[in-house]
């Protein structure tokens, strides 16, 4: 790309109102009425590959493959034709391919300045997907909680009536049917209890070492599958401790690992099943609509058949399962527990490799 034009009096904005932009995950620039950069936040510095001091005074339009689009938008904003202007463009970067972005330009409250927000289109899609997932999870929780309570109330009456029926001397030939009713009522009761589990117990917050959580889960799963399953460790021991509910995270990870082990059953029988527990620390990571300085990435990777295509987009919904006899609650509860730690679980799956990634912010 050609060298951007340098305006004669570059100045870097340092006020607290601009420093707040550094906490945003999106790319933000503050420009003057002529289009010269006065401030670039950390995300924009990282994307372009220059510091804000180096960017100060340069024409922001020159960093786009079609600079006239931004120039026209600036003219429209200056003439008060539009309050907010949006369009798609490509941001040029040093030593990198152009980045497709959605541009949002608006007038600032500070005289003559314009704020330009650039949302990477891939990131925007991911944020929208995460928002939909979060909203769906909230709706599911409310629906499940209400539905579970509605189911729970008559269950006791059904079970009690069946027990009384068993005791009737004139209905002994019906005792086996009464026992079926009691058994099925108990099974439904257990299901309802699992549905209500995340809402019944308050979090117990303490310092957590994620590798202690991993080792606990590893021991439990290997006790269940002593042969045919290799459960390998790939830990980053530099990960700091963080505050959270240890039992919730053990249950969340256990649900994910057990889900992987169940999918690996054919490989377990041949002795070729493998699950990897991998921990990493990531910096400046964006998820849940926020940019996090540090985050834990905990991967559960298996060499199984992969998630069925028909349920890929719904695997974290309650009662959705790809396994015969499965309740469809394990991954839903795991997502709920991780979301209660301000994180989320993502899944990337192809035949032969499925990767469930647990993301949790670190202090």
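Quick check: pseudo-label points 7 Å beyond the Cα along Cα→Cβ at residue 88 and residue 155, how many nm apart are they?
Placing both labels 7 Å beyond Cα along the Cβ direction yields 4.8 nm.
With the calculation restricted to Cα positions, what are the radius of gyration and Dmax of the stretch 43-96 in angstrom?
Both quantities, over Cα of the stretch 43-96: 12.5, 37 Å.
What nm value, rounded to one decimal, do you get for the distance between residue 183 and residue 206 when each label is placed 7 Å out toward the C-beta?
So the two model labels end up 4.0 nm from each other.
Which order do 54, 65, 79 fall in if you start with the one that has the fewest other Cβ atoms within 10 Å?
79, 65, 54
With the convex hull built on the Cα atoms of the stretch 16-120, state its orientation-averaged projected area in nm².
Its average projected convex-hull area is 5.9 nm².
Using Cα pairs closer than 8 Å and at least 6 residues apart in sequence, work out the relative contact order for the stretch 175-305, in percent. Working shown, then result.
Details: 161 pairs, mean separation 31.4, N = 131.
Value for the stretch 175-305: 24 percent.
How would 159, 227, 38, 233 line up from fewest to most surrounding beta-carbon atoms within 10 angstrom?
In increasing order of surrounding Cβ atoms, one gets 227, 233, 159, 38.
Scaled to the compact-protein estimate 2.2 N^0.38 Å, what is the alpha-carbon radius of gyration of the stretch 157-294, rounded to two decimal places?
Normalised by 2.2 N^0.38 Å, the Cα Rg of the stretch 157-294 equals 1.57.
Starting from the Cα gyration tensor of the stretch 255-363, multiply each eigenvalue by 5, take the square root, and state the resulting semi-axes largest first in whole Å.
Those come to 25, 16, 11 Å.
Starting from the Cα-Cα distance between residue 109 and residue 24, subtract it from 0.36 nm times their residue separation and give me the gain in nm to one decimal.
Length difference between fully extended and current span is 28.7 nm.
Every number in this text was worked out from the coordinates using simple rules, so none of it is lab data. Small disclaimer: the values here were computed from a predicted structure and weren't measured. All Cβ positions, glycine included, derive from the backbone under ideal geometry; neighbour counts span all protein chains shown.
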